[in-house]
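Structure provided below as C-alpha cells; questions to follow.
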Amino acid sequence: MKRILISFIALVSFFPILASAEESPSAEALLHQMGEASHELNYELSYILVKKSSIEPFMYRHSHVDKMTLSHLVYLSGSMREVIRRNDEITYLEQGNKPFSIKSETIVAPIIPLLHKNVVVLKEYYDFVSMGRSREAGSPAQVVRIVPKDGNRYSYIVWIDERSNLPLRTDLVSREGEVIEQYRVISYTVNDQISDYMNQRLGDAELPKVLSVPLPTDEESTWRVHWLPNGFKSVHFNRYRLAMNQRSVESKMYSDGLFNFSVYISEADKLSNKEQSIRQGRRSLYSYIQGDYEISVVGDIPAITAKRIADSVIFTTPEPKNENK
C-alpha cells in the first residue's frame, strides 16, 4: 500500500510538468502566427457577417506565391459584387456600375477584420489576453481577446484555428460588453490548388487600369485635434467643396492600425444640426456647432470617444510664410 501511495504522489507531481509542456502559445504568439498564416497560406473561407438586423454571406480566396499576392472577395447575396486584389492593385466590380482599380494596401469591403493585420505592433496600446480553447467551424480553436488599454475604443475577440492559424471567428465588442458584429467562418480549405486556380483566373486577367488618385494636399489646416486616444495618428488630410451647396469641407483621417475615424470641419448653415450623436453598428457619428463651424467625427469608435475628440478641436491661425526664404 505504501509503495502504491509513493507511486501515486510521484505521478501527480510529474503531471504539471507534462501539462506545462503542452501549454498553448501566448496570446501575442498566437496573433503573430495568425498574421503570418493569413498572408502566406493559400486558402478559401466561406463566412457570414452577422449584424443586429442582418446576415450577409461571403466567399474569400487568397494565394501567395513568390512575389504575387492574389485575393478575391465575392458577395454571395444581392447584386453581383466582387473585389480583386493583385499585389497593391485593388479592383472593385459591381453590377450596374463601372468597374475601377486603385492602388491601396487594404481592401475596403467586409473582409474578416484581423486578416492580414500585423496586430502584434499594437501591443503598446492593446492587451492580448488568452481565453482558452473552443470550437468554431468544426475545428478546435484558441480564443484571444484584444483589449484597448485606455478603454476609448472597441475590443475584438478572435477564434484562431489550431491547425491553420487562420481566424475562424471575430467578434467586435463594445465597451459595455455588447457584441456589435460577428464574422463567422462556415467552412474553409487550405491547399496549393487554390493558388493554381487563382493564378489561372486572375494572374493575367485584364482588369481596369489603375485610377490616378489625387495626392493629399500639403496645405496646412486652420484647426487641430487637441485630444486623441493613444496610438491614433493622422494619415490623410483633404480639402474640397460639396457638390450640392459648394460648402467648403476639410477632413483628416486618423488610424491606430486597427480602427479608423475622420474629423470633418465645414461652415455651419441653417441646415446644420446644433448637436447630434448616432451609432449604427460599429460606426459612430457625433457633430455639433462651434462658432461658425460644424464639427463632425465619424468612424469605428464609441460615441463617447467621438464626442471627446470633437470637443477637443481647436481653431488656429497658421503663421504667414516667409517669402524671402
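Since every read-out is calculated from the coordinates, none of them should be taken as a lab result. A quick note: this is a predicted structure, and the numbers were derived from the prediction, not measured. Positions of Cβ are generated from backbone atoms using ideal geometry, with glycine treated the same way; all protein chains shown enter the neighbour counts.
Can you give the local net charge around L228? Use residues other than it whose beta-carbon is closer than 15 angstrom to its beta-carbon, Lys and Arg +1, Asp and Glu -1.
So the environment of L228 carries a net charge of +2.
How big is the dipole moment of the range 112-209 about its Cα centre under a simple scheme where the beta carbon of each Lys and Arg is +1, that of each Asp and Glu is -1, and everything else is neutral? Debye, nearest 20, please.
The dipole magnitude comes to about 200 debye.
Is there a quick way to get the dipole size of the chain? I mean about its Cα centre, with the Cβ of Lys and Arg at +1 and of Asp and Glu at -1; what is the value in debye to the nearest 20?
So the dipole magnitude of the chain works out to roughly 660 debye.
Please name whichever of L73, Q200, Q276 sits farthest to the positive end of the charge dipole of the chain, dipole taken about the Cα centre and charges placed at Cβ: Lys and Arg +1, Asp and Glu -1.
The Cα lying farthest towards the positive end belongs to Q276.
If contacts are Cα pairs under 8 angstrom and at least 6 residues apart, what is the relative contact order of the chain in percent?
Contact order relative to length: 14 percent.
Continuing with this model, one more query. Cross-link list K252/K307; K123/K233; K233/K307; K67/K103; K270/K307; K274/K307: which exceed 20 angstrom alpha carbon to alpha carbon?
Check vs 20 Å cut-off fails for K270/K307.
Net charge around S312, counting only other residues with Cβ within less than 14 Å of its Cβ (Lys, Arg = +1; Asp, Glu = -1)?
Combined, the nearby Lys, Arg, Asp and Glu give +3.
What is the distance in Å between the Cα centroid of the range 88-106 and that of the range 142-182?
Distance between centres, Cα-based: 29 Å.
Name the residue from T222, S134, L211 whose Cα lies farthest towards the positive end of the charge dipole of the chain, charges +1 on Cβ of Lys and Arg and -1 on Cβ of Asp and Glu.
S134
Please give the contour-minus-distance gain from I314 to K209: 0.36 nm per residue of separation, less the Cα-Cα distance, rounded to one decimal in nm.
33.7 nm
Multiply the residue gap between H236 and V147 by 0.36 nm, knock off their C-alpha separation, and tell me the result in nm, one decimal place.
29.4 nm
Mean residue ellipticity at 222 nm from the helices of the chain, using -39,500 (n - 2.57) per DSSP H segment of n ≥ 4 over the full residue count, to the nearest 500 deg cm²/dmol?
-4500 deg cm²/dmol
Cut-off 17 Å, label point 7 angstrom out along Cα-to-Cβ of D127: give me the residues of the range 140-165 whose amide nitrogen falls inside.
It comes to 144-158, nothing else.
Each label point is 7 Å from the Cα along the Cα-to-Cβ direction; what then is the distance between the points at I289 and I186, in nm?
4.9 nm
Rounded to the nearest 20 Debye, what is the dipole magnitude of the range 232-312 about its Cα centre when Lys and Arg each give +1 and Asp and Glu each give -1 at the C-beta?
Approximately 200 debye in magnitude.
What is the list of residues in the range 255-270 whose amide nitrogen lies under 18 Å from a point 7 angstrom out from the Cα of A303, following Cα to Cβ?
Once the point is set 7 Å along Cα→Cβ of A303, 262 turn out to lie under 18 Å by backbone N, inside the range 255-270.
Given labels modelled 7 Å from the Cα in the Cβ direction, how far is it in nm from E162 to A109?
3.3 nm
Counting DSSP beta bridges with both partners in the chain, what percentage is antiparallel, nearest 5?
Taking every DSSP beta bridge with both residues in the chain, the antiparallel ones total about 100 percent.
Out of these labelled values of volume of the Cα convex hull per residue in Å³, (i) 178; (ii) 224; (iii) 131, which was calculated from the coordinates shown here?
Given (i) 178; (ii) 224; (iii) 131, the calculated one carries the label (ii).
Could you tell me the calculated FRET efficiency between Q200 and R135, based on Cβ-Cβ distance and R0 = 51 angstrom, to the nearest 0.05?
Efficiency computed from Cβ-Cβ geometry: 0.90.
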